[in-house]
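Enquirer: Please read through the structure below; I'll follow up with questions.
The values are calculated or read from the model by the stated rules, or taken from the named source; none is laboratory data. Computed from a prediction, not measured in an experiment: that's the story for all the values here. Cβ atoms come from the backbone with ideal geometry, glycine included; neighbour counts cover every protein chain shown. Each accessible area value is taken on the protein alone, full model and side chains, heavy atoms only, with ligands, DNA and RNA left out. Shrake-Rupley method; radii C 1.70, N 1.55, O 1.52, S 1.80 Å.
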Amino acid sequence: MTKMHPMKPVSQPLRRNGLTVAVLAAATLLQACARDPMSTGAIPDDYRTRHPITLSEAQHSLDIPVSSGDNRLTIAMADNIKGFAQSYTATSSGVVQIQVPTGSRNSAAASILKRHVRSVLASSGVPSGKIVETHYGASPSGDAAPIRLSFIAMTAMTGQCGQWPEDLSDNTYSNKNWYNFGCASQNNLAAQVANPMDLVGPRGMSPIDAERRSVVIGNYRSGKTTATTD
């Protein structure tokens, strides 16, 4: 008859080791759950980094349509030229080119109108020495060739939008923005900046108005309102 040996109890050190492993595993899980929710996967995901606004040289242009029978600028044309001149004086100090077509059916009318264009530019604040006239060859048939005004200026802009280098389904589980996200808003912000240099650094403070400051302090001490009347 086979003699059966009783089972030995599990030693105390083994139990302690098993308990230590269990505690370490629980601590690891708790640490994973307590991760900072703002750093999802620790992957940078900022549209301003993907589509930064930069200052670059860009050509600003305005095409003035000219028909073969025109002999003067219309009011709308003159207003457009004035707006173009205001943009130039605010952003550039270079030259303004007046490109006149040659060889087209409206070349004679364009040659007449260029003098009016130059006059409107000069009256709008563009120095006469900064206005340069050039010519370009145009087709004798087809659409009427315009008079083109142009100048180079530092401009706030972003890269080209509409790029889709990745499949949208790849971001299903990563919880990240797709590549083109934010590009349009960055472009709109760059276009709305009146002075691109404001993106580089703040402007200097204007001098204080000592007279107005004395009035405000006097009203404050006497218990009167310090707001302006308008």
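Enquirer: Those residues that are over 30 Å from residue 139 (Cα atoms) and surrounded by 14 or more Cβ atoms within 10 Å (Cβ to Cβ), I need them from region 90-111; list them, please.
Expert: Hits for region 90-111 are 91, 92.
Enquirer: Quick one: is residue 149 open to solvent by 80 Å² or more (accessible area, probe 1.4 Å) and touching a residue at least 60 places away in the same chain (Cβ under 8 Å)? Break it down stepwise before answering.
Expert: On the way: open to solvent by 80 Å² or more (accessible area, probe 1.4 Å): no; touching a residue at least 60 places away in the same chain (Cβ under 8 Å): yes.
No, not satisfied.
Enquirer: Consider residue 197 carefully, then state whether it is surrounded by 15 or more Cβ atoms within 10 Å (Cβ to Cβ) and within 30 Å of residue 98 (Cβ to Cβ). If you could, list the steps in order and put the result at the bottom.
Expert: Details: surrounded by 15 or more Cβ atoms within 10 Å (Cβ to Cβ): no; within 30 Å of residue 98 (Cβ to Cβ): yes.
Taking the combined requirement at face value, the residue does not satisfy it.
Enquirer: Something else now. In region 166-193, what count of residues is obtained for those that are without any contact (Cβ under 8 Å) to a residue 24 or more places away in the chain, surrounded by 11 or more Cβ atoms within 10 Å (Cβ to Cβ) and of a type in the set (Phe, Trp, Tyr)?
Expert: 1
Enquirer: Just checking, how many residues over region 191-227 are in a loop (DSSP other than H, G, I, E, B) and within 30 Å of residue 89 (Cβ to Cβ)? Before the answer, list the steps.
Expert: Restricting attention to region 191-227, the residues satisfying the condition of being in a loop (DSSP other than H, G, I, E, B) are 193-195, 200-209, 222-227.
Filter once more, so that each one left must be within 30 Å of residue 89 (Cβ to Cβ): 193-195, 200-209.
Total meeting the criteria: 13.
Enquirer: I've got another one for you. Working only within region 132-166, note down all residues that are in a strand (DSSP E or B) and among the hydrophobic types (A, V, I, L, M, F, W, C). Give the derivation first.
Expert: Filtering region 132-166 down to residues in a strand (DSSP E or B) leaves 132-137, 147-157.
132, 147, 149, 151, 152, 153, 154, 156, 157, listed by residue number.
Enquirer: Among the residues of region 101-117, is there at least one that is in contact (Cβ under 8 Å) with a residue 24 or more places away in the chain, touching a Phe, Trp or Tyr at 6+ places or on another chain (Cβ under 8 Å) and not aliphatic (A, V, I, L, M)?
Expert: Our first condition is that a residue be in contact (Cβ under 8 Å) with a residue 24 or more places away in the chain; within region 101-117, this holds for 101-110, 112-114, 116-117.
Narrowing further to those that are touching a Phe, Trp or Tyr at 6+ places or on another chain (Cβ under 8 Å): 101-102.
Next cut, not aliphatic (A, V, I, L, M) only: 101-102.
So far as region 101-117 goes, yes, one or more of its residues are in contact (Cβ under 8 Å) with a residue 24 or more places away in the chain, touching a Phe, Trp or Tyr at 6+ places or on another chain (Cβ under 8 Å) and not aliphatic (A, V, I, L, M).
Enquirer: For region 201-222, check the following and say yes or no: at least one residue is open to solvent by 60 Å² or more (accessible area, probe 1.4 Å), within 27 Å of the chain's Cα centre (by Cα) and under 30 Å from residue 62 (Cα atoms). Walk me through how you get there before you give the answer.
Expert: Within region 201-222, the first condition is being open to solvent by 60 Å² or more (accessible area, probe 1.4 Å), and the residues that meet it are 202-209, 211-215, 217, 220-222.
Next, only the ones that are within 27 Å of the chain's Cα centre (by Cα) stay: 202-206.
Retained after the next criterion (residues that are under 30 Å from residue 62 (Cα atoms)): 203.
Yes, because at least one residue in region 201-222 is open to solvent by 60 Å² or more (accessible area, probe 1.4 Å), within 27 Å of the chain's Cα centre (by Cα) and under 30 Å from residue 62 (Cα atoms).
Enquirer: Let me ask something else. Among the residues in region 174-188, are any more than 13 Å from residue 50 (Cβ to Cβ), outside any strand (DSSP E or B) and under 12 Å from the mean Cα position of the chain (by Cα)?
Expert: Let us first name the residues in region 174-188 that are more than 13 Å from residue 50 (Cβ to Cβ), namely 174-175, 188.
With the extra rule that they be outside any strand (DSSP E or B), the set shrinks to 174-175, 188.
Subsequent filtering for residues that are under 12 Å from the mean Cα position of the chain (by Cα) retains 188.
Scanning region 174-188 turns up at least one residue that is more than 13 Å from residue 50 (Cβ to Cβ), outside any strand (DSSP E or B) and under 12 Å from the mean Cα position of the chain (by Cα).
Enquirer: Residues being part of a loop (DSSP other than H, G, I, E, B) and touching a strand residue (DSSP E or B) at 6+ places or on another chain (Cβ under 6 Å): count how many of those fall in region 78-131. Write out each step before concluding.
Expert: Residues of region 78-131 that are part of a loop (DSSP other than H, G, I, E, B), as a first pass: 92-95, 103-106, 124-127.
If we keep only those that are touching a strand residue (DSSP E or B) at 6+ places or on another chain (Cβ under 6 Å) as well, we get 92, 94-95, 103, 126.
Count: 5.
Enquirer: Continuing with this model, one more query. Mind counting the residues in region 46-67 that are under 22 Å from residue 117 (Cβ atoms) and not in a strand (DSSP E or B)?
Expert: 3
Enquirer: If you don't mind, another one. Name the residue, out of 175, 171, 106, that is in contact with a helix residue (DSSP H, G or I) (Cβ under 7 Å, 6 or more places away or on another chain) and not aliphatic (A, V, I, L, M). Full working, then the answer.
Expert: Values: 171 fails: in contact with a helix residue (DSSP H, G or I) (Cβ under 7 Å, 6 or more places away or on another chain); 106 fails: in contact with a helix residue (DSSP H, G or I) (Cβ under 7 Å, 6 or more places away or on another chain).
Testing whether each residue is in contact with a helix residue (DSSP H, G or I) (Cβ under 7 Å, 6 or more places away or on another chain) and not aliphatic (A, V, I, L, M) leaves just 175.
Enquirer: In this structure, does residue 145 turn out to be of a type in the set (A, V, I, L, M, F, W, C) and within 30 Å of residue 118 (Cβ to Cβ)? Explain how you work it out, then say what you get.
Expert: Details: of a type in the set (A, V, I, L, M, F, W, C): yes; within 30 Å of residue 118 (Cβ to Cβ): yes.
Spelling it out, residue 145 is indeed of a type in the set (A, V, I, L, M, F, W, C) and within 30 Å of residue 118 (Cβ to Cβ).
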